[in-house]
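In what follows, a structure is listed as structure tokens, so that the remarks can point back to it.
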Amino acid sequence: MRNLRCSCLFLLAGIALHFLPATPALAGLRAEESKPRKEEAASLQFPVPPPPFTPGIFPCSECHKEIKPNTARRVLKDEHTGIVLNHAQGQRWCLDCHDTANRDKLRLVSGEKISFSESYRLCGQCHGDKFRDWKVGVHGQRSGEWNGKKSYLLCAHCHNPHDPRFKPLSPMPPPVRPEDVR
Amino acid sequence: MSDKEARDKRILRLSRRKALKGLAAGIGALALPAKDSPASVWEAFFQKNFRELGKEDLQKVLARLEKEYSAQFGKAVKVKATPPVEGVLFGYALDLSRCIGCRRCVYGCVRENNQSRDPQIHWIRVLQLNKEKGVYLEEAEHYYNPAKVPEPGRFYMPVQCHQCKNPPCTKVCPVQATWTEKDGIVVVDYNWCIGCRYCMAACPYGARHFNWKKAGLPAADLNTDTHYLGNRPRPVGVVEKCTFCIQRVREPSGRYTACVEVCPVGARKFGNLLDPDSEIRYIIENKRVFIFKEDLNTQPKFYYFYAT
């Protein structure tokens, strides 16, 4: 009887020891790890200006509702000839990002349809590191107030989605050389 | 009384008369400019150092300057003296992997901070460097002017005031006309500066600039939102420098600095070093950061980093 009580006590103590110190410490660690930064809003909504469409091109369904979707991979010959895909060409084509059924939407890999004003989610599927930096305001231009409201730009405001490399600019004039100062 | 004694007395009396005459003329000459020039000249002359000004004195000084500038430029000019905010220490980061050397920041800064257009004063200098050599200043070029930037094989490094925590420039000032504010901004009291340019010699970043001539600043280009320690029009013979756009960032709704706003590639980042959620802290904690001329122990609050 005494033996049993003893082992019971030991068992209880063991269980208590197992849980007591471990739980708070672990919980603390986890809380620290998963503590979301203020910038990373719970929802994936970021204040952005309207997407930079070519004038008159949106809504796409204006033309596309008449056209039966052709899902065959091909180079477009009749329309959109101005778009030259220079963005991992050969690995993707139009309908990998543009939704087949609803041309006014973009399509994620998961099949979720998103609007053009959320296109950063589409870009972020491959460019996760840039997406992460963009969310905290490190990649790209973020304007507004350093201590208040901030507004973002869509990836497409600086990078043409079909040809994303940032285009060279002409520089502003160099400073006057001291010998030219009068 | 002998003849000699009488002569000596006369000579003495004459010389005293001369002295009195001279004194009267001198006082008259001193009083003359006060008659035509406004009283503000005297007020400016006897103005105390900014840090010794009481609340009422400061208001008087600001009002006087506003009046002066408004008359000079023909439009209403606001001169603020917004104090630093508690719990704020400004920091700046610049992404060397993004900067393309387009100099938009240089001219954005000139517009915002009322620098002289002619003779030209730029608070930001963009260095063009060789990718193979890295930050090798002997081959740095800041007069580059190709048709398009960036050029292959080059990278660009804008340099401006680093707002050091241990600033060599403020230590050498013989009249304490320059100092570090509570929020980390190194400022100049243009009314106290005597123009000795010791600070320019002391600064290892070439961030201080001297007003050799009257500022060539057209009234149409004047930014009328000014700060006493920042972008108010500067007189001849004083030193000026970047103030992290003190007139913008100290406001309750603190706008980003002009260079941050204008950068087309978003290479410039600004924020509060004491706020763990600010982008500047994210950069310092997560990116490869380097400090320019770190060996000089100036402890800048301006960091260069590589986002990629």
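Derivation of every value follows stated rules applied to the coordinates shown; laboratory data play no part. As the structure is a prediction and not an experimental result, all values here were calculated from the model. Neighbour counts run over all protein chains shown; Cβ positions are idealised from the backbone, glycine included.
How many Å³ per residue does the convex hull of the Cα positions in chain B occupy?
199 Å³
If I model a spin label as a point 7 Å beyond the Cα along the Cα-Cβ vector, how far apart are those points for B:S15 and A:L76 in nm?
Once both label points are built, they end up 10.3 nm from each other.
Could you grab the relative contact order for the range B:90-306? Cα pairs under 8 Å, six or more apart, rounded to a whole percent.
30 percent
Please compute the modelled spin-label separation between A:L169 and B:L23, points set 7 Å along Cα→Cβ, answer in nm with one decimal.
6.8 nm
Magnitude of the Cβ-charge dipole of the protein assembly as shown, K/R +1 and D/E -1, about the Cα centre, nearest 20 debye?
1300 debye
Working from Cα positions, state the angle (0 to 90°, nearest 10) between the long axis of helix B:104-113 and the longest principal axis of chain B.
The answer is roughly 30 degrees.
When the scattering of the protein assembly as shown is computed by the Debye formula from its Cα atoms alone, each counted once and equally, what is log10 I(q)/I(0) at q = 0.06 Å⁻¹?
After summing over all Cα pairs, the log10 values are -0.44.
Please compute the average number of Cβ atoms from other chains found within 10 Å of each residue's Cβ in peptide B:250-259.
Going residue by residue through B:250-259 and averaging, the value is 3.
Helix B:55-73: angle to the longest alpha-carbon principal axis of chain B, degrees 0 to 90, nearest 10?
That helix lies at roughly 80 degrees to the long axis.
Compute the distance in nm between two label points, each set 7 Å from the Cα along the Cα-to-Cβ direction, one at A:A88 and one at B:S253.
4.0 nm
Among A:K135/B:K287; B:K75/B:K182; A:K130/B:K293, which pairs are too far apart, with a Cα-Cα distance over 21 Å?
In this structure, B:K75/B:K182; A:K130/B:K293 lie more than 21 Å apart at Cα.
In 10 Å bins starting at zero, report the fraction of Cα pairs in the range A:45-96 per bin as a rounded %.
16, 45, 33, 6
What average count of beta carbons from other chains do you get within 10 Å of the Cβ of residues in A:130-143?
6
If the limit is 20 Å between Cα atoms, which of A:K167/B:K148; B:K213/B:K301; B:K55/B:K171; B:K67/B:K241 go over it?
The pairs that break the limit, which is 20 Å between Cα atoms, are B:K213/B:K301; B:K55/B:K171; B:K67/B:K241.
Quick check: the angle from helix B:3-36's long axis to the longest principal axis of chain B, C-alpha only, nearest 10 degrees?
Roughly 40 degrees between the two axes.
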